[in-house]
Amino acid sequence: MHCIFCRILAGEAEASLLYRDDRCAAFMDVQPVTPGHLLVIPIAHAVGLADLDPATGGHIFQVGQRLAAALKASGLPCNGIDLFLADGAEAGQTVFHAHLHVIPRVKGDGFGFRFPPGYPQHPPRATLDVQAESIRCGL
Ligand code: 5GP
Ligand code: ZN
């Protein structure tokens, strides 16, 4: 078994587990962006969104929502939360077992998204409409 997260679930690799049910588990990220940064993962190996059972994906989000509330009540510095899932290497995924990051945020923590040049401009409505139609066709 080469997947590090499957190995954690099997008890073959160390992790600080904080939640487990029949469909997902959560443990502390080994290299936290901020203290309390945790990951929620499906028990059944799935690489990304395309092979993640949608009901399990919804469940992972629900558990992430509960853990976000627990983080806020934990005493760890946490004035906000980022939920983040990188799907694919170009989106920043480095571990290819799907996972939802739950990241506590405080003012001045130094974390954030980097926006591309020209980001502040609003595209014309016609452009957005064409893009919306393209996406709608894929539903
Ligand atoms: P990604 O870049 O794929 O969205 O995030 C992968 C995350 O997994 C990173 O935040 C990284 O620190 C974390 N990670 C990588 N290997 C391990 C590990 O062996 N144990 C734990 N707990 N987290 C890991
Ligand atoms: Zn896996």
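Observations on the model:
- For Asp21, the conditions (1) surrounded by 15 or more Cβ atoms within 10 Å (Cβ to Cβ); (2) more than 13 Å from ligand 2 (Cβ to nearest atom) all hold with the exception of (1).
- Region 40-59, subset hydrophobic (A, V, I, L, M, F, W, C) and open to solvent by less than 40 Å² (accessible area, probe 1.4 Å), residue farthest from Val95 (Cα to Cα): Leu52
- For beta carbons closer than 8 Å, sequence separation of 6+ or different chains, a first residue in region 120-136 that is at pLDDT 95 or above and a second that is assigned to a helix (DSSP H, G or I) and of a type outside the set (D, E, K, R), there are no qualifying pairs.
- Exactly one residue out of Val47, Val33 is of a type in the set (A, V, I, L, M, F, W, C), more than 20 Å from Met1 (Cα to Cα) and not in a helix (DSSP H, G or I): that is Val33.
- Here Asp29, Asp53 are screened, and the one residue that is within 12 Å of the chain's Cα centre (by Cα) and either away from ligand 2 (no atom under 16 Å from the Cβ) or at pLDDT 95 or above (or both) is Asp29.
- Selected residue (criterion: least open to solvent (accessible area, probe 1.4 Å)) from residues of region 108-139 that are over 30 Å from Val33 (Cα atoms) and among the hydroxyl-bearing types (Ser, Thr, Tyr): Thr127
- The residues of region 4-18 that are more than 9 Å from ligand 1 (Cβ to nearest atom), over 19 Å from Ala68 (Cβ atoms) and surrounded by fewer than 15 Cβ atoms within 10 Å (Cβ to Cβ), listed by number, are Ala10, Gly11, Glu12.
- Selection of region 24-39 for residues being loosely packed, with under 15 Cβ neighbours inside 10 Å and more than 9 Å from ligand 1 (Cβ to nearest atom) yields only Pro35.
The values are calculated or read from the model by the stated rules, or taken from the named source; none is laboratory data. Every value quoted in this text rests on a predicted model; they were computed, and no experiment measured them. Methodologically, a virtual Cβ is constructed for each residue, glycine included, from the backbone with ideal geometry; neighbour enumeration extends over all protein chains shown. Keep in mind that these areas ignore ligands, DNA and RNA; they rest on the heavy atoms of the full protein, side chains included. Shrake-Rupley method; radii C 1.70, N 1.55, O 1.52, S 1.80 Å.
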